[in-house]
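Asks: I am attaching a structure below and will ask some questions about it afterwards.
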Amino acid sequence: MTLQLVSMNRELVSRLAGPGGLYNLGNGLGLSSGIALHVTAAMAVQGAGLTHGASAVFDYLAGSLGASAITLAMLVFFWSGERYHRAWSNGAPPDPRQNRIGDLSSGYGALLLGMGLFLIGQPLLAATSGLLHAAGKFGSTLPPHLLSRLPFGPQAFRLTVVASRLPALCAVLLEIRSALVAQQFQPLAASGLLLLCYLLWLKADVALMRS
């Protein structure tokens with residue numbers, strides 16, 4: 001039993017050591033906490049009950065076209081996180097094929113995210129977390145000899161991805177400040193968890209620069 005626990009701990013540490021594990025840790029935390037907070041808020045208004053809870057989960061995941069697009073984006077991000085994990089399972093340098101698949105799928109996920117953010121009335125985040133992020137991911141798949149000619153060299157598009165996180169981080173920090181001033185616990189918890197997710201994703205973005 002002890003050996004099994006040690007093996008499981010090693011597997012967990014191995015998964016979190018690379019960018020893929022960091023991405024999916026942030027994805028999992030963001031999705032689960034988002035659902036939990038949405039269900040809690042809905043039940044506070046509608047009352048407890050399995051039906052109300054299920055309805056709140058559906059509303060969060062697919063209650064509108066924008067929500068559906070964001071949910072699809074999250075599923076794509078989970079898949080790309082697994083590609084990155086496989087690419088980096090033996091450390092740097094990564095498997096180029098798996099790493100490229102991770103970049104491509106992340107780019108498509110970012111486009112879906114941008115669409116969803118636009119549909120829910122967040123055009124600035126749609127442009128940055130969506131389009132700019134997608135441009136950075138797709139650009140990172142270009143051949144190395146082309147990337148080497150760009151300003152900042154092969155890291156140019158990796159830096160673009162990092163830059164795409166900044167507006168969302170600023171927005172989250174402003175939400176945390178507002179929640180602290182208003183002494184509102186639930187918005188503070190939601191914003192704090194989202195900040196943690198963004199920091200995990202940002203750490204993964206920086207880790208990819210080692211490729």
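The values are calculated or read from the model by the stated rules, or taken from the named source; none is laboratory data. As the structure is a prediction and not an experimental result, all values here were calculated from the model. Counting neighbours? That spans all protein chains shown, and the Cβs are built from the backbone with ideal geometry, glycine included. The accessibility values were calculated without ligands, DNA or RNA, using every heavy atom of the protein model including side chains. Shrake-Rupley method; radii C 1.70, N 1.55, O 1.52, S 1.80 Å.
Yes or no, residue by residue, for (1) open to solvent by less than 50 Å² (accessible area, probe 1.4 Å); (2) touching a residue at least 12 places away in the same chain (Cβ under 8 Å); (3) among the hydrophobic types (A, V, I, L, M, F, W, C):
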{"position": "A163", "(1), (2), (3)": "yes, yes, yes"}
{"position": "L166", "(1), (2), (3)": "no, yes, yes"}
{"position": "C170", "(1), (2), (3)": "no, no, yes"}
{"position": "L174", "(1), (2), (3)": "no, no, yes"}
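Asks: To continue, here is another question. How many residues does segment 14-36 contain that are aliphatic (A, V, I, L, M), under 30 Å from A56 (Cα atoms) and free of Cβ contacts under 8 Å to residues at least 12 places away in the same chain?
Replies: 1
Asks: Which is modelled with pLDDT under 95, touching an Asp or Glu at 6+ places or on another chain (Cβ under 8 Å), farther than 15 Å from D205 by Cα and open to solvent by 20 Å² or more (accessible area, probe 1.4 Å), of H52, H38?
Replies: Just a single option satisfies the conditions, and that option is H38.
Asks: If only one of A134, A204, A190, A182 is at pLDDT below 95 and crowded, with 18+ Cβ neighbours inside 10 Å, which one is it?
Replies: The match here is A190.
Asks: Any residue in segment 73-89 that's touching a residue at least 60 places away in the same chain (Cβ under 8 Å) and over 27 Å from L119 (Cβ atoms): show its pairings with residues that are acidic (D, E) and open to solvent by 30 Å² or more (accessible area, probe 1.4 Å) at Cβ separation under 7 Å, as long as the two are six or more apart or on different chains.
Replies: From residues that are touching a residue at least 60 places away in the same chain (Cβ under 8 Å) and over 27 Å from L119 (Cβ atoms), the pairs are R86/D95; A87/D95.
Asks: Here's something else I'd like to know. Where in segment 73-180 are there helices (runs of 4 or more DSSP H), lying fully within it, with 1 or more residues that are among the basic types (K, R) and over 17 Å from the mean Cα position of the chain (by Cα)?
Replies: Hits in segment 73-180: 96-119.
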